[in-house]
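Input: a single structure, listed below in structure tokens.
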Amino acid sequence: MKTKLFLLVLCMVTAVNAQRVKSETATYETVRLPLEPLQGAVAGYNFKVSTPYPEDNSALERYAQEKFANEQAGYDDLVAESKLLYEEALVQYEQDVEIARENFKLESAEFKKLSFVERMALADKKPTLKLPRKPIYRKPAEPRYVKPNLSNSIVFNGDVLANSYLRLDGYDQTDQNGLEGQITFYDFEKLDIITEVKQESYYNKSAKKTVNRNVTYYVTQYKRPTELILTYGGETLHSGMFENTGEFTYYSDKVRPNMFNIEKQSISNTLQDINVYINNLYGITSITNNVEVHYVKNKNGEYDDLENAKDMALAGYANFDIDSDNDDLRDAVDLWETAMEESNVEDRRARIDKGVTEAILFNLVEANIALKDMVNAQNHLTMLKKMSLNYREKQLVEKYENQLNEINTRLQANGM
């Protein structure tokens, strides 16, 4: 009985410890350094974009206006011609009437020569006078300006595209001594849309069983070849087709693709990808980081130190400045480091038990990453990896590992 009671109390203590770790979310702004920093005094950037499309609809509008003007200029001649054709039609009409009457007269004379019996037998074929329809004059409609249908036209202004989608983070536009880029879009290519019927299984609720049904898929392929040329200081950094733009993209869906929209969207999508590529290599990009500051629910002042550390960390992240010492965040790190001296992951009743230790270590990893202290961040991450973690914590450790590797790579690339 005492053993069962002890186990019950132990489980209750474990549950309480698991529940007492809390967290608050904070954000801070920092910068991501370039993977291939540009050397020297970089003045800025200048990007140019060209597409196979017109820059505006002026050509269509000009054609419509010219067509209207030509129709107006030729309207009087058109009316005169219509009257002449009408007069000619009247003359032809009179001739056709005369011929019709003459033919009727001849056919009637021949019909009368037949015997009574023969005429009765051919009663339904008795000659009738069929006169042609008399021409009616219809004056041509006066010219009317028809506004061109622009719903199916694609227009792109290269300067607008460059200013809207392309920039080198950390720099301003310049005409000299900067990173220069030329993006050239080539014609959109697409294959015919075909349909494919596939058999798929689904659960039929009324029949209460899994059945098969035929499902129609629309299939096609398309591509937008795009050339990217980047130069800096007389050196070519990139020249050729951008990534996979020269290869077909496979489309298969139950919804028929709108190829007009895909063609138009391919321009902006590719420019966004190019902008990401450029800034990943050469930009100094401002990024927002979301962090969780862990602390312990404080009862009777037992965790005053960790509560103070939490408040300092939140203030430190709120006022974070990459160019300052960030004293609040550093003070929080000192308090967490001091608390870690009491860590006892084997004792569930310890003040800094396994759960609290993990929470503090995660705080230290995140804070040291923000402070660019990669050595201490890695040390605390190594300690975490040696502990028994749940799935979510393992995923978080993996995220931090990737983050540390990337930051270290960028710091080394920038000689830091």
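Taking every alpha-carbon pair in segment 328-404 and binning the separations at 5 Å intervals from zero gives 3, 16, 29, 24, 18, 8, 2 percent. Amide H to amide H distances under 5 Å link ARG32 with THR285, SER286, ILE287, where only residues 5 or more positions off or on other chains count and H is placed in the peptide plane. For the residue pair MET241 and ASN103, what label-to-label distance in nm results when each label sits 7 Å from Cα along the Cα-to-beta-carbon direction? Label-label distance for MET241 and ASN103, simple model: 6.9 nm. Kirkwood-type hydrodynamic radius, segment 25-168: 24.7 Å, calculated from all non-identical alpha-carbon pairs. Over the chain, with a single point scatterer placed on each C-alpha, what log10 of the ratio I(q)/I(0) does the Debye formula yield at q = 0.08, 0.09 1/Å? Result of the Debye calculation: -0.82, -0.93.
Could you give the length gained by full extension between ASP273 and VAL375, i.e. 0.36 nm per residue of separation minus their alpha carbon distance, to one decimal place?
Roughly 33.4 nm would be gained on extension.
Relative contact order of the chain, please, whole-number percent, based on alpha carbon pairs below 8 angstrom and at least 6 residues apart. Kindly include the intermediate steps, with their values, before the conclusion.
Details: 558 pairs, mean separation 97.2, N = 416.
Relative contact order, the chain: 23 percent.
Sequence-ordered 3J(HN,Hα) estimates for segment 215-222 from the Karplus curve with 6.51, -1.76 and 1.60 and θ = phi - 60° stand at 10, 8, 10, 9, 10, 7, 9, 8 Hz, glycine and proline given as x.
Holding the Cα-Cα limit at 26 Å, pick out from LYS310/LYS385; LYS372/LYS394; LYS147/LYS254; LYS372/LYS399; LYS299/LYS386 the pairs that are longer than that. Long pairs (Cα-Cα over 26 Å): LYS147/LYS254; LYS299/LYS386. Projecting the Cα atoms of ALA123, THR195, LEU161 onto the charge dipole of segment 121-244, computed from C-beta unit charges around the Cα centre, puts ALA123 farthest toward the positive end.
Helical runs assigned H by DSSP (4 residues or longer) give the chain a calculated mean residue ellipticity at 222 nm of -15500 deg cm²/dmol, each run adding -39500 (n - 2.57) before division by the residue total.
By per-residue mean of other Cβ atoms within 10 Å, what is the highest-first order of 119-126, 39-46? Walk me through the intermediate numbers first.
On the way: 119-126: 9.8, 39-46: 14.5.
Highest-to-lowest ranking by the protection proxy: 39-46, 119-126.
Using R0 = 22 Å, the C-beta based FRET efficiency linking THR382 and THR288 works out to 0.20.
Can you sort VAL155, VAL197, VAL49 by solvent-accessible area, 1.4 Å probe, largest first? Intermediate results must be reported in sequence, preceding the final value.
Details: VAL155 45, VAL197 100, VAL49 20 Å².
Of VAL155, VAL197, VAL49, the descending order of accessible area is VAL197, VAL155, VAL49.
Under 5 Å between amide hydrogens, built in the peptide plane, is the criterion, and for PHE47 it picks out GLY181 among residues at least 5 positions away or on other chains. Working note: Karplus 6.51/-1.76/1.60 with θ = phi - 60° gives segment 297-306 the couplings 4, 8, 10, 6, x, 5, 10, 4, 5, 6 Hz, where Gly and Pro are set to x. Atom-type composition of the exposed protein surface of segment 60-132 places 57 percent of the accessible area on carbon and sulfur (1.4 angstrom probe).
Against the empirical 2.2 N^0.38 Å scaling, what ratio does the C-alpha Rg of segment 169-315 come to? Each step should come with its number before you reach the end.
Details: Rg = 26.6 Å, N = 147, 2.2 N^0.38 = 14.7 Å.
Output field value: 1.81.
Sequence-ordered 3J(HN,Hα) estimates for segment 282-290 from the Karplus curve with 6.51, -1.76 and 1.60 and θ = phi - 60° stand at 10, x, 10, 9, 7, 10, 9, 10, 9 Hz, glycine and proline given as x. Once you keep just the Cα pairs under 8 angstrom separated by 6 or more residues, what percentage relative contact order results for segment 21-160? Relative contact order here is 47 percent.
The values are calculated or read from the model by the stated rules, or taken from the named source; none is laboratory data. Here the structure is a predicted model, which is why all the values come from computation and not from measurement. Counting neighbours? That spans all protein chains shown, and the Cβs are built from the backbone with ideal geometry, glycine included. Note: areas computed on protein heavy atoms with side chains; ligands, DNA, RNA excluded. Shrake-Rupley method; radii C 1.70, N 1.55, O 1.52, S 1.80 Å.
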